[in-house]
Amino acid sequence: MTATADALETYLDANHDRRLASYEEFLRIPSVSALPEHADDCRRAAEFLAGELRTIGVEHVDVAETRGHPLVYGDWLKAEGAPTVLVYGHYDVQPPDPIDEWVKAPFEPLIRDGRMLARGAADDKAQVHMHVRATEAILATRGRLPVNLKFLFEGDEEMSSAHLDQWLEENRARLGADLAVISDTGFFEGNLPAVTIGLRGISYFQVDVLGTAVDLHSGVFGGAVQNPANALAHIIAALKGTNGRILVPGFYDDVVPLSDRDREAFAALPFEDEAYRAEHGLSAPVGEPGYTTLERRGARPTLDVNGIWGGFQGEGSKTIIPASAHAKISCRLVVNQRPERIYELVREHILRVAPEGCRVEITNLGGGLPSLTPMDHPATQAAVRAIEATFGRQPLFIREGGSIPVCASFESILGLPVVLLGFANPDCNAHAPNESMILANYETGIRTIARYWDELATLPR
Ligand SMILES: [Zn+2]
């Protein structure tokens, strides 16, 4: 170990108890962004972070107002000639209910079996706190950072970051950087260190099939009028084949095919179809032919009905032709699909296949861009080296099937490559009762972050 790494370790060792006490203090603030009665708590969490950043020597610390909960900004920009990194995390948490399923009250942190249990223990307060503590340790032992850091801690992430894009647009000038690092992801199943390289985007829409003003008698009118529920079933069946292939013309046009290297990275992940089937109670994993389960859920687009309703739903029988039928449908998207384009393609296809005798309305309910940072990007490779040096093994490369809206915003609004450096254990129960963070991930992750800044500082610019 080098002298500086030694000093860092000594400092982190000496401050272990104080660090955990501060992590617990942060967790005790019920910063639930979705519930108006916790607005003051969100502000309190933002002020807590701002205070921590000021105390450790971060400059220009600002609790910035948005139309939602406040954002915390702070920077340290004295590493002349070194890269500048925008670090993102969020201090808001999901509502804790159902409360009675928690072993202890969700905002009373409990350490048990090497884990910190509390709402936000993993998502995302741990990771925000790790960044603060890593910065503290470097500044305390060296008096300076190897890279320039700009911190951005948000309070609306669990509400789709609804107010962030506008703030990013308005503050573009002070957010200039070489790279964004988002710490809001986790390790692979089995708590194996991983770097998330891709996230899927989304396009969400509603289909309303409208017939008559009121339900009709199916004996009197049946056979002579269009049935909106049948028509909707016909439309949905025309969207996706039984083999999982999406039938909308042009849907796959912009999809970047998987390279051999991509497929090798998927194949390297420890994963068993049979265990997956059993764990989730599936009769069989299904999906697009020619792809593995992990490829299907990480690197291929989807089309799924999220909800469907219309007509008689009560017990027994009622002989009607429903006046209308409705469905909510979403597509998960991969690079380089764009939500607006996909919405247009699906819309055109639905109108083309819609049966006669009813009116079809389609409403766009929103979308988000997919993102992918190449495995061989120098900043990704620097993260690989930092993880290997601290966790003692090469990280896996994973693609999340879900979305982190801010990731695409950093790419599209700020033009930054994004590295998703996250440390949550896959069994952390994020958004569920008894959320927990494995403390070894938290502790080693602090060392990884510190090491990552050193690795980035050595990259040629
Ligand atoms: Zn999160």
Step by step: first the residues of segment 306-348, then only those that are buried (at least 17 other Cβ atoms within 10 Å of the Cβ) and among the polar types (S, T, N, Q), then the one that is farthest from Asp208 (Cα to Cα). Which residue is that? Gln337
Matching residues in segment 214-267 - criterion: being in contact with an Asp or Glu (Cβ under 6 Å, 6 or more places away or on another chain) and over 27 Å from Ala284 (Cβ atoms): none
Across segment 78-105, what is the number of residues that are away from the ligand (no atom under 16 Å from the Cβ), out of contact with any helix residue (DSSP H, G or I) (no Cβ under 6 Å at 6 or more places or on another chain) and farther than 22 Å from Ser409 by Cβ? 13
Check whether at least one residue in segment 107-114 is buried (at least 17 other Cβ atoms within 10 Å of the Cβ), at pLDDT 95 or above and not in a strand (DSSP E or B), and report yes or no. yes
Cβ-Cβ below 6 Å, separation at least six or inter-chain, first residue in segment 291-311 and touching a residue at least 60 places away in the same chain (Cβ under 8 Å) and over 29 Å from Leu269 (Cβ atoms), second in a helix (DSSP H, G or I) and not charged (D, E, K, R): which pairs? Gly310/Ala229; Gly311/Ala229
Whether any residue in segment 33-48 is in contact (Cβ under 8 Å) with a residue 24 or more places away in the chain, among the aliphatic types (A, V, I, L, M), under 27 Å from Pro95 (Cβ atoms) and in contact with a Phe, Trp or Tyr (Cβ under 7 Å, 6 or more places away or on another chain) is what I want to check. yes
Any residue in segment 62-74 that is under 12 Å from Cys42 (Cα atoms) and free of Cβ contacts under 8 Å to residues at least 24 places away in the same chain sitting within a Cβ distance under 7 Å of a residue that is in a loop (DSSP other than H, G, I, E, B) and of a type outside the set (Ser, Thr, Tyr)? List the pairs, counting only those 6 or more apart or interchain. Val63/Pro70
Here is a check on your reading of the model: is Glu80 more than 30 Å from Ala432 (Cβ to Cβ) and of a type outside the set (Gly, Ala, Ser)? yes
Find all pairs meeting these conditions: Cβ atoms under 6 angstrom apart; at least six residues apart or on different chains; first residue within segment 179-204 and over 16 Å from Asp123 (Cα atoms) and touching a residue at least 60 places away in the same chain (Cβ under 8 Å); second residue part of a strand (DSSP E or B) and among the β-branched types (Val, Ile, Thr). Leu179/Val85; Ala180/Val418; Ala194/Ile398
Find all pairs meeting these conditions: Cβ atoms under 6 angstrom apart; at least six residues apart or on different chains; first residue within segment 215-227 and on the phi < 0 side of the Ramachandran plot and among the small types (Gly, Ala, Ser); second residue crowded, with 16+ Cβ neighbours inside 10 Å and in a strand (DSSP E or B). Ser218/Ile320; Ser218/Ile321
Mind listing whichever residues of segment 144-175 are more than 16 Å from the ligand (Cβ to nearest atom), under 22 Å from the mean Cα position of the chain (by Cα) and among the acidic types (Asp, Glu)? Asp165, Glu169
Would you point out which residue out of Leu145, Leu149 is at pLDDT 95 or above, assigned to a strand (DSSP E or B) and surrounded by 21 or more Cβ atoms within 10 Å (Cβ to Cβ)? Leu149
Among the candidates Thr212, Thr141, Thr135, residue that is in contact (Cβ under 8 Å) with a residue 12 or more places away in the chain, away from the ligand (no atom under 16 Å from the Cβ), farther than 30 Å from Phe391 by Cα and out of contact with any Cys (no Cβ under 8 Å at 6 or more places or on another chain): Thr212
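Which strands (runs of 3 or more DSSP E) sit wholly inside segment 349-461 and have at least 3 residues that are away from the ligand (no atom under 16 Å from the Cβ) and surrounded by fewer than 19 Cβ atoms within 10 Å (Cβ to Cβ)?
Those strands (runs of 3 or more DSSP E) span 359-368.
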Conditions (1) small (Gly, Ala, Ser); (2) touching a Leu at 6+ places or on another chain (Cβ under 9 Å); (3) under 18 Å from Ile398 (Cβ atoms); number of the one not met by Gly287: (2)
Within segment 26-85, can you find the residues that are more than 17 Å from Arg133 (Cβ to Cβ) and in a helix (DSSP H, G or I)? Pro36, Glu37, His38, Ala39, Asp40, Asp41, Cys42, Arg43, Arg44, Ala46, Glu47
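For (1) modelled with pLDDT under 95; (2) within 25 Å of the chain's Cα centre (by Cα), each residue gets a yes or a no:
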position	(1), (2)
Thr4	yes, no
Thr10	no, no
Asp17	no, no
Leu20	no, no
Arg28	no, yes
Ala39	no, yes
Ala45	no, yes
Glu52	no, no
Val61	no, no
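The values are calculated or read from the model by the stated rules, or taken from the named source; none is laboratory data. Here the structure is a predicted model, which is why all the values come from computation and not from measurement. Cβ: placed from backbone, ideal geometry, glycine included. Neighbour counts: every protein chain shown.
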